[in-house]
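Only the coordinates and a few stated rules stand behind these numbers; no lab work does. Predicted model only: the values in this text are computed from it and were never measured.
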Amino acid sequence: MPLFSGRFFETLIGRGSEPLTRLLSKIAVLYTLEPIFTIVFVINMTVVWEKVMGRLRSQIFRRILIQKMVFFDRHKVGELTGLLTSDLGSLKGVVSDNISRDRGLRAFSEITGTLCILFTLSTELAPVLGLLIVSVSVIVAIFKRSTVPTFKSYGIVQAHISDCVSETFSAIRTVRSFGGEKRQISMFDNLVCHITYELLSSWKQWGTSLFYWP
């Protein structure tokens, strides 16, 4: 597309020799085929990944069942349940982002191809645009790495909330017989306050990064 766009502007200013109608027809064909191929690519990758996720869940569940009792004493029910649901769902989200149109491996290949075409078309302008693209990519990568601890802490607190709810509901008769509702409610409220603080911290970091964006 950058190559045909360059030819289009050259034709408009009178430097191109290719007829405008022929060039526009080529661009129209490319714009028509791009979403079709994108849909086919995303659907195929999604189907493949769903099969992989199904096999992975089955294998993890089988491995958990054959563990000794010490393993279940060490890990809570909510933690193991979250491993089979939310954790694998997060892994699926990472892969889905990588196969989407504007992220991951596809974005890297698009940037590389664009730089190659830029150097082919204009050796004077390509270094400036290439430096701009690389600088923005590096800044975004640094920002994402700086927010990893915040989101990690956010996920840990979510797991603690799930454990607290699971243990309270599974032992509700014992809790009520010993009058432990207030203690469990206080524990849950503290976890909710903590997860709210982590979420606000992540948004503050995002707002600060936008304020100092060059």
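Largest first and in whole Å, what are the equivalent-ellipsoid semi-axes of the range 1-87 based on the Cα gyration tensor, each being the root of 5 times an eigenvalue?
The answer is 58, 13, 8 Å, longest axis first.
Quick one: 3J(HN,Hα) in Hz for the range 136-150, Karplus 6.51/-1.76/1.60 with θ = phi - 60°, rounded, Gly and Pro as x.
Per residue, the Karplus-derived 3J(HN,Hα) values read 5, 5, 5, 5, 5, 5, 5, 5, 5, 5, 5, 8, 4, x, 5 Hz.
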